[in-house]
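A short reminder: the numbers here are calculations on the coordinates, not readings from a lab. Everything numeric here is computed off the predicted structure, so don't read it as measured data. Neighbour counts run over all protein chains shown; Cβ positions are idealised from the backbone, glycine included.
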Ligand SMILES: [Zn+2]
């Protein structure tokens, strides 16, 4: 009786799961630090200072409509190189 070749026991493949623990940005409970108000943007065109009017991710001046803050301006983009 011929012995069947035993297949080498393959080691159990470890799941490629990286420990990606996503922490919530803010706790449900209000922190002790008071909310800080960022300085209002000033329009370089008309000099109007105030909250921007966000349209399609663009911050526009409420007075003249000039786009002051573009979408994702200054924010690091991941995987956008190409
Ligand atoms: Zn303006």
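List of remarks:
- Selection within segment 36-50 - more than 12 Å from the ligand (Cβ to nearest atom) and surrounded by 10 or more Cβ atoms within 10 Å (Cβ to Cβ): 40
- Scanning segment 44-60 for residues being touching a strand residue (DSSP E or B) at 6+ places or on another chain (Cβ under 6 Å) and in a loop (DSSP other than H, G, I, E, B) gives a total of 1.
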